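Structure first, then comments.
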Amino acid sequence: KNQVEQSPQSLIILEGKNCTLQCNYTVSPFSNLRWYKQDTGRGPVSLTIMTFSENTKSNGRYTATLDADTKQSSLHITASQLSDSASYICVVRKQTGANNLFFGTGTRLTVIP
Amino acid sequence: NAGVTQTPKFRVLKTGQSMTLLCAQDMNHEYMYWYRQDPGMGLRLIHYSVGEGTTAKGEVPDGYNVSRLKKQNFLLGLESAAPSQTSVYFCASGRPPGRLDTEAFFGQGTRLTVV
């Protein structure tokens, strides 16, 4: 069964601290994995995409990793800011089929001053 | 570029009423999707379309109908609203699998309450 699991469900950190969000998946055959940021009351917006051959990719203070062998990904946020407060959703795309996007339930991050 | 636009943004319906949610995209994407998002759950696919004139059922299609008469528009209809359909609805569009650019672009969402 194609599944995407994220942990933790929620996280509260102090401004300026780092944090790491986890995503494990069983989607196969794997095409790519995206991390989306969803601000409250808004639609998800893509932060980064990881393909099979990529191990790490950075987008500013966001760094995503992918281990395609263990089917795990992480999103590391450095020097958190209040504006990082949002839900972070891991989305895995399958290679085949029209219905090929599989969503995690998200991690709700709250950054407090 | 407007991207993906959903209308309306908010709506309150009485049980049994009908309504249509409109999604419009200006990126010439082939694929369009309707999702619902409920607390503690990931986005769940209601219906999707791989091209003009075609639609298909997703994970939770019951109680909803869709139409894709034009490539840029994807309509989601509720014929007889039920309280269980209270949710936030997101439309998304994207390119087919195998293309280099496969990002799904999402609209802002429609918050629907059925009382």
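Please determine whether any residue of the stretch B:76-94 is over 16 Å from B:GLN17 (Cα atoms) and more than 14 Å from chain A (Cβ to nearest Cβ).
No, every residue in the stretch B:76-94 fails to be over 16 Å from B:GLN17 (Cα atoms) and more than 14 Å from chain A (Cβ to nearest Cβ).
Suppose we filter the stretch A:13-27 for residues that are surrounded by 12 or more Cβ atoms within 10 Å (Cβ to Cβ) and either aliphatic (A, V, I, L, M) or at positive phi (or both); how many remain?
3
Could you tell me which numbered condition B:GLN17 fails, if it satisfies all but one of (1) modelled with pLDDT of 95 or more; (2) in contact with a strand residue (DSSP E or B) (Cβ under 7 Å, 6 or more places away or on another chain)?
So B:GLN17 meets the others, but not (2).
This table checks each residue for (1) within 14 Å of chain B (Cβ to nearest Cβ); (2) assigned to a helix (DSSP H, G or I).
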position: A:LEU66; (1), (2): no, no
position: A:LEU75; (1), (2): no, no
position: A:SER83; (1), (2): no, yes
position: A:TYR88; (1), (2): yes, no
position: A:VAL92; (1), (2): yes, no
position: A:GLY97; (1), (2): yes, no
position: A:PHE102; (1), (2): yes, no
position: A:THR105; (1), (2): yes, no
position: A:ARG108; (1), (2): yes, no
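Go through the stretch B:76-87 and give me each residue that's assigned to a strand (DSSP E or B) and either surrounded by fewer than 19 Cβ atoms within 10 Å (Cβ to Cβ) or polar (S, T, N, Q) (or both).
Correct list: B:GLY77, B:SER87.
Say we look at the stretch B:34-74 and pick out the residues that are of a type outside the set (Ser, Thr, Tyr) and touching a Leu at 6+ places or on another chain (Cβ under 6 Å); which of these is surrounded by the fewest Cβ atoms within 10 Å (Cβ to Cβ)?
If we take residues in the stretch B:34-74 being of a type outside the set (Ser, Thr, Tyr) and touching a Leu at 6+ places or on another chain (Cβ under 6 Å), then B:GLU59 is surrounded by the fewest Cβ atoms within 10 Å (Cβ to Cβ).
Could you give every pair whose Cβ atoms fall below 8 Å, whose first residue belongs to the stretch B:27-38 and is free of Cβ contacts under 8 Å to residues at least 12 places away in the same chain and within 12 Å of chain A (Cβ to nearest Cβ), and whose second residue is surrounded by fewer than 21 Cβ atoms within 10 Å (Cβ to Cβ) and of a type in the set (Lys, Arg), counting only separations of at least 6 or pairs across chains?
From residues that are free of Cβ contacts under 8 Å to residues at least 12 places away in the same chain and within 12 Å of chain A (Cβ to nearest Cβ), there are no pairs.
The values are calculated or read from the model by the stated rules, or taken from the named source; none is laboratory data. Since we're looking at a predicted model, the values are computed, not measured. Glycine also receives a Cβ, built like all others from the backbone with ideal geometry; neighbour counts cover every protein chain displayed.
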